[in-house]
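What follows is a short report on a single structure.
The values are calculated or read from the model by the stated rules, or taken from the named source; none is laboratory data. What you are looking at is a predicted structure, and each value in this text was computed from that prediction instead of being measured. Note that each Cβ is placed from the backbone with ideal geometry, even for glycine, and that neighbours are counted across all protein chains shown.
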2 protein chains.
Amino acid sequence: MNNSIFSDRIADVPRSFIREILKVALDHTFISFGGGLPNRALFPVEPIKAAAAKIFETFGNDVLQYADSEGSKVLRELIARRYKTKKGLEVLPERVLITTGSQQGIDLMGKALINEGDDVVIDEPCYLAAIQAFSLYKPRFHPIPMNGEGMDVKRFKNLMSKIKPKLVYTVPNFQNPSGISYSEATRRAMAEIISGTKTMLLEDDPYWEIRFSGKDLPSFMSMIPENTVTLGSFSKIVSPGIRLGWMVAPDALLDKAIIAKQAADLHTSYFVQCMVYQYMVDNDVEKHIRLICDSYGKQCRAMMDAIKEFFPPGVTHSHPEGGMFLWAAMPEGASSRRLLDCAVKEKVLFVPGDPFYIGRKDSNTMRLNFTCSNEQEIRTGIERLGNAMKKLLPSR
Amino acid sequence: MNNSIFSDRIADVPRSFIREILKVALDHTFISFGGGLPNRALFPVEPIKAAAAKIFETFGNDVLQYADSEGSKVLRELIARRYKTKKGLEVLPERVLITTGSQQGIDLMGKALINEGDDVVIDEPCYLAAIQAFSLYKPRFHPIPMNGEGMDVKRFKNLMSKIKPKLVYTVPNFQNPSGISYSEATRRAMAEIISGTKTMLLEDDPYWEIRFSGKDLPSFMSMIPENTVTLGSFSKIVSPGIRLGWMVAPDALLDKAIIAKQAADLHTSYFVQCMVYQYMVDNDVEKHIRLICDSYGKQCRAMMDAIKEFFPPGVTHSHPEGGMFLWAAMPEGASSRRLLDCAVKEKVLFVPGDPFYIGRKDSNTMRLNFTCSNEQEIRTGIERLGNAMKKLLPSR
């Protein structure tokens, strides 16, 4: 088949390196920090099983029938109520659209907003699957480097004085891949710059409830609601394999998102929507979330402790207050691609940093997932990775 | 919010008229032929419940975990086996991609193939949600009128001598909206015209197992596999609300579809994939399908009998051998939009034909769904619709 049959938008997009790496990590003598998986030991298996059985009583046979594109009314109301209870935010259920995972929200926003050549501002590094999803709509990306407090505000302000981006994409809490959170100052400064413009900020926020230290910070939705689309997800608080998330957007934009949603998959599995609703109302979900946070917090600390013990000097890293990832940087000029070759020999895996940038083939950085290995495995894996680094890096 | 923030592709696409009509049909004194719903009384509720409970034994906690974008291996193998058993077709499981309903397959093909201005050939009338999904990629549509045997082959041949379309979209079996099936002669003639070109034929085939009369005909996949992408669905044989379908495509194109799939929703609900697999292997599915076919066959015949009795002369209709829809045409020049106004007064609903054409605001045609009303309701509803027609149409 000749490549010329494909659309321009898809011709050059590579398959996800991360999803490919997930597949090789099946050899159990390896320790993998490469995945992006929540800890399967913490899935609420029995309650989900009970919920799946009970929905036929609660909702009848219609759990198997076609349903509204917007999503289940009671589930949208539940999501709105949780914003009120947990963040003090007033969200109208009518402004919530149920999505097939928050990934779909990214794609729908690309579809509804981006014309070829439109300016899109992203963090550097950036969530890989967002780069992929947006790439299909052929925007002009403007990556802005992150510092310890999120996107570099000075550079953002400078950029906004020159261009009028369609979209600014951020993961403000415990970013994938970096684990960095936007500080309150960064949030407020960016909100002020965006307020009153036609730029939409896409606040991709799947991790915010998985905070194990520090305090919750104001969301962009609370500061500039007319310029914000917020994405949420049940992936990290219930389970990712069910594929259930949501979007909160201003009315006119939500209307367009619903059109794109109808074309994309008519609606999200109604069975899954009902099952998760049932699970959420029948269980002490907040207790379950605390359990996840406690566990991930311990795993993260175990990784940071092991890094201190085993990584050579000159390797720096982020200090996540939540989420699932930690970001490490070797000295400028070192190659994390070459490190991966060494690491494979030591039987440890991670994701090299380059796919999280636009157009790079290598970098000195790497993403380390801490949620899928226990504390002992984390220690052993970081020791192995430290050994690989010591072989790669010139000793000083 | 100013409309100018939206992408060109979405600015003018209306919300689905059909999905909106579903919402008004909640008044139970109405009889609705307007929906596109399978009969909920035939959903395999207890077996699905049992399957949902059992998957945790069969697959473990991983039913809740992130999974491959391609879909469950055992489910892809099961789909390939069913093509072999039921159609004698050799399909490699590696060429099957699991999708979030077959609607997603339409969208992924649009994304992977269509550049702005590319030529896309469709039946006239055409499945509405395909028009919507493709519209977002801004093709040039070439609708070819259907006759009783499918797309008009002479017109298709003539068109193909002038343009090289990227895509030909068809629903060859019991089309939505018309209920018309492509004859064997039409299939073979079209396959011959397409064979050896770079045109891809998208064979959207969600209904083929729901045949209640006549005999199964060769699929395009069996005739021109290198030029065919076939979409299948569990919506009509198991249940639509779960959102589970698949695509079979040539290797190079499947690779691109997987990239688009990753960007769209990472993967289809793995819980749902496992549940349907479990249901399919634990139950006599073929018996269940015969039950559906028997019921829909009776409902279709009841509709045709009632049409004969109650519709005024001059109204013609298709004679479906399967599927869920029948297509009726009033004399040229009559307005099905005006008929709908009369019909609402008579408390009966249907979908006027115009949204199934490109760029029409009215037509003399209409889609009638026969699967969601029992035989008595069908008779009463068609009587009401006949009354509405008699008020609208000049008596002769």
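See the values below:
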item	result
Unique residue being within 23 Å of the chain's Cα centre (by Cα), in contact (Cβ under 8 Å) with a residue 40 or more places away in the chain and farther than 30 Å from B:Ile289 by Cα when the list is B:Pro313, B:Pro355	B:Pro355
Any chance B:Gln299 is touching a helix residue (DSSP H, G or I) at 6+ places or on another chain (Cβ under 8 Å), surrounded by 17 or more Cβ atoms within 10 Å (Cβ to Cβ) and in the same structural domain as B:Val171 (by TED's automatic domain parsing)	no
Only one of B:Val276, B:Val238, B:Val272, B:Val281 that is closer than 25 Å to A:Ile242 by Cα and away from every other protein chain (no Cβ under 13 Å)	B:Val281
Test: residue in region A:361-374 that is farther than 24 Å from A:Arg301 by Cα, in a loop (DSSP other than H, G, I, E, B) and either of a type in the set (S, T, N, Q) or not assigned by TED's automatic domain parsing to the domain that holds A:Asp294 (or both)	yes
Boolean, A:Leu253 is of a type in the set (A, V, I, L, M), closer than 28 Å to A:Pro47 by Cα and within 11 Å of chain B (Cβ to nearest Cβ)	no
Output for region B:325-344, where each listed residue is of a type in the set (Ser, Thr, Tyr) and closer than 28 Å to B:Phe212 by Cβ	B:Ser336
Search result, residues across region A:316-337 that are in a loop (DSSP other than H, G, I, E, B), in contact (Cβ under 8 Å) with a residue 60 or more places away in the chain and touching a Leu at 6+ places or on another chain (Cβ under 9 Å)	A:Ser318, A:His319, A:Pro320, A:Met324, A:Met330, A:Pro331
Unmet criterion (only one of (1) modelled with pLDDT under 95; (2) surrounded by 15 or more Cβ atoms within 10 Å (Cβ to Cβ); (3) more than 16 Å from A:Phe33 (Cβ to Cβ)) for A:Leu349	(3)
Flag if A:Ala112 is under 20 Å from A:Thr230 (Cα atoms), within 12 Å of chain B (Cβ to nearest Cβ), over 16 Å from the mean Cα position of the chain (by Cα) and assigned to a helix (DSSP H, G or I)	yes
Elements of type helices (runs of 4 or more DSSP H) contained in region B:1-90, each with 1 or more residues being modelled with pLDDT of 80 or more and more than 9 Å from chain A (Cβ to nearest Cβ)	B:45-59, B:73-87
Hits in region A:170-196 (condition: under 17 Å from the mean Cα position of the chain (by Cα) and either charged (D, E, K, R) or part of a loop (DSSP other than H, G, I, E, B) (or both))	A:Val171, A:Pro172, A:Asn173, A:Phe174, A:Gln175, A:Asn176, A:Pro177, A:Ser178, A:Gly179, A:Ile180, A:Ser181, A:Tyr182
Leading residue by the ranking (farthest from the other protein chains (Cβ to nearest Cβ)) among those in region A:241-250 that are touching a Gly at 6+ places or on another chain (Cβ under 8 Å) and of a type in the set (A, V, I, L, M)	A:Val248
Some residue of region B:87-98 being in contact (Cβ under 8 Å) with a residue 12 or more places away in the chain, under 15 Å from B:Gln273 (Cβ atoms) and not aliphatic (A, V, I, L, M)	yes
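Each row is one residue, and each column tells you yes or no for (1) charged (D, E, K, R); (2) at the interface with chain B (Cβ under 10 Å from one of its Cβ atoms); (3) in a helix (DSSP H, G or I); (4) surrounded by fewer than 21 Cβ atoms within 10 Å (Cβ to Cβ).
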position	(1), (2), (3), (4)
A:Ile122	no, no, no, no
A:Tyr137	no, yes, no, no
A:His142	no, no, no, yes
A:Lys154	yes, no, yes, yes
A:Val168	no, no, no, no
